[in-house]
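The values are calculated or read from the model by the stated rules, or taken from the named source; none is laboratory data. From a predicted model like this one, the values you see are computed outputs, not experimental measurements. Counting neighbours? That spans all protein chains shown, and the Cβs are built from the backbone with ideal geometry, glycine included. Keep in mind that these areas ignore ligands, DNA and RNA; they rest on the heavy atoms of the full protein, side chains included. Shrake-Rupley method; radii C 1.70, N 1.55, O 1.52, S 1.80 Å.
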Amino acid sequence: MLDNNIKASPAKIDDVCQDWVDALNNPEIVKYSNQRFRKHSISSQTSFLEKKIADKSSRIFIFKNDNEMIGVGEISKIDFKNLNAEISYMIINERFWGKGIGTQIVQKLILIGFSELNLKKLYAGTNSSNIGSQKVLKKNAFQIEGTQKKHLITDEGFEDKILFGLVRST
């Protein structure tokens with residue numbers, strides 16, 4: 001379960017803040033994200049969040065410790081017919097890296113996906129070099145389902161995308 005100090009809540013427009021924008025413009029934080037290809041601003045993130053909130057196939061959440069932003073998690077591409085969705089997450093505050101927070105964020109996304117949305121399966125993909133994200137998924141019982149060869153562009157060239165899935169028991 002989530003640490004008592006870490007709160008998850010559906011994202012709201014007033015969650016957009018300079019810390020969030022600064023994180024998205026930090027090459028180290030967005031190293032494995034397509035966000036690294038864009039320049040972000042309060043305006044661009046407000047527009048992004050407005051679209052996400054309006055999108056019925058997406059649920060985006062903010063994770064905070066007291067009033068300090070830790071990260072963002074999303075359940076997207078929700079397919080209510082086939083009962084599956086993709087999860088993604090990013091810890092935008094480097095002070096929280098390596099402390100198990102990613103594992104807790106994924107636990108919360110699983111709970112929402114399976115209990116609240118009544119989905120049967122969640123899936124995620126990571127760069128083959130993103131060992132931290134792979135550990136987070138494996139700690140949450142996600143299984144490797146496959147590899148897409150040379151699927152993602154990095155600063156070093158193309159690398160594989162590892163596909164993970166988790167099927168709800170019962």
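Just wondering, is there one or more residues in segment 102-110 that are over 23 Å from Ala23 (Cβ atoms) and crowded, with 18+ Cβ neighbours inside 10 Å? First the steps, then the outcome.
Kept after step one, since they are over 23 Å from Ala23 (Cβ atoms), are these residues of segment 102-110: 110.
Then drop every residue that is not crowded, with 18+ Cβ neighbours inside 10 Å, which leaves 110.
Yes - at least one qualifying residue is present in segment 102-110.
In segment 131-157, the residues that are β-branched (Val, Ile, Thr) reach residues that are assigned to a helix (DSSP H, G or I) with C-beta atoms within less than 7 angstrom, at least six apart or across chains, in these pairs: Val136/Gly102; Val136/Thr103; Val136/Val106. The strands (runs of 3 or more DSSP E) located wholly in segment 1-99 that include 3 or more residues which are closer than 24 Å to Asn130 by Cβ and touching a strand residue (DSSP E or B) at 6+ places or on another chain (Cβ under 6 Å) occupy 59-65, 68-79, 84-91. Could you go through segment 101-114 and let me know if any residue there is outside any helix (DSSP H, G or I), touching a residue at least 12 places away in the same chain (Cβ under 8 Å) and either at positive phi or in contact with an Asp or Glu (Cβ under 9 Å, 6 or more places away or on another chain) (or both). Within segment 101-114, not a single residue is outside any helix (DSSP H, G or I), touching a residue at least 12 places away in the same chain (Cβ under 8 Å) and either at positive phi or in contact with an Asp or Glu (Cβ under 9 Å, 6 or more places away or on another chain) (or both).
For segment 42-86, give me each residue that is small (Gly, Ala, Ser), free of Cβ contacts under 8 Å to residues at least 60 places away in the same chain and crowded, with 16+ Cβ neighbours inside 10 Å.
First, the residues of segment 42-86 that are small (Gly, Ala, Ser): 43-44, 47, 54, 57-58, 71, 73, 76, 85.
Subsequent filtering for residues that are free of Cβ contacts under 8 Å to residues at least 60 places away in the same chain retains 43-44, 47, 54, 57-58, 71, 76, 85.
Hits for segment 42-86 are Ser58, Gly71, Ala85.
Would you mind stating whether Arg38 is in contact with a Ser or Thr (Cβ under 9 Å, 6 or more places away or on another chain) and modelled with pLDDT under 90? Talk me through it step by step, then tell me what you get.
On the way: in contact with a Ser or Thr (Cβ under 9 Å, 6 or more places away or on another chain): yes; modelled with pLDDT under 90: yes.
So Arg38 passes the test.
The set of residues in segment 1-21 being charged (D, E, K, R) and either modelled with pLDDT of 90 or more or surrounded by 18 or more Cβ atoms within 10 Å (Cβ to Cβ) (or both) consists of Lys12, Asp14, Asp15.
Just for strands (runs of 3 or more DSSP E) wholly inside segment 115-170: which have at least 2 residues that are open to solvent by less than 30 Å² (accessible area, probe 1.4 Å) and farther than 24 Å from Lys81 by Cα?
Numbers: elements: 121-127, 143-154, 157-167.
Hits in segment 115-170: 121-127, 157-167.
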